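Read through the structure below, which is laid out as structure tokens, and then see the notes.
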């Protein structure tokens, strides 16, 4: 951020009085521009012992498989966001979504809220951000072609849970090492 959205003056990065973190601050009008983590909501949708994956048609990680997920929008609940992303990315619906896991990724300032549900009528098809949708048996998941570590982690927990829902709500924090390896700390 270079300029204040309130008065268009240049922005400084400093710790405002009474705060303990550096923020984008307009010294002209006093506006503090907070930059907070993004919530990403997604789903693990199943049908007859298979899980729905989407092949990404957008960057980052174009052409790799993922679960339907995306950034939460203002004015929606976490469950609404997960349902919307499933519909947008895979034309997929579920009558009920249950919270499966909350995963903190502080190194990229994101929190993933993953839900689990049954794919309505087993029907899915690619949305605008998806090249292909496919149902994979739990022994068929293309582990080497998954787009993001949080997707791999979610699917591993799902399989450990026995491949069904609902169960325990999982919580974990991703620690990124200098060699880019991600370690999951379970809570």
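Values in this text are rule-based calculations from the coordinates and carry no lab data. Keep in mind the model is a prediction, meaning the values are calculated, not measured. Here the Cβ positions follow ideal geometry from the backbone for every residue, glycine too, while neighbour counts run over all protein chains shown.
What the table shows:
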quantity	calculated
√(5λ) per eigenvalue of the Cα gyration tensor, the range 143-187, largest first, Å	21, 14, 6
Cα-based helix-to-principal-axis angle, 149-160 vs the chain, degrees rounded to 10	40 degrees
Sorted by Cβ neighbour density within 10 Å, fewest at the top, the residues 31, 1, 72	1, 31, 72
Whole-number percent relative contact order across the range 1-127, with pairs defined as alpha carbons under 8 Å at least 6 apart	22 percent
Helical mean residue ellipticity (222 nm; -39500 (n - 2.57) per DSSP H run of 4+; nearest 500) of the chain	-4000 deg cm²/dmol
Cα-based helix-to-principal-axis angle, 78-90 vs the chain, degrees rounded to 10	60 degrees
Label zone at residue 96 (point 7 Å along Cα-to-Cβ), backbone N below 12 Å, the range 154-187	165-167
Packing rank of 42-53, 4-15, where each peptide gets the mean count of other beta carbons within 10 Å, highest leading	42-53, 4-15
Residue order, fewest to most beta carbons within 10 Å, for 143, 65	143, 65
Computed lengthening from residue 3 to residue 84, 0.36 nm per intervening residue step minus Cα-Cα distance	25.9 nm
Calculated Cα extents along the principal axes in Å (choose from (i) 60, 32, 28; (ii) 41, 38, 31; (iii) 42, 32, 32), label	(i)
Gain on full stretching of the segment that runs from residue 77 to residue 177 - 0.36 nm per residue minus C-alpha separation	32.8 nm
Simple spin-label estimate for residue 156 and residue 138 in nanometres, 7 Å along Cα-Cβ	1.6 nm
Sequence ranges 93-105, 171-183, ranked by mean other-Cβ count within 10 angstrom, highest first	93-105, 171-183
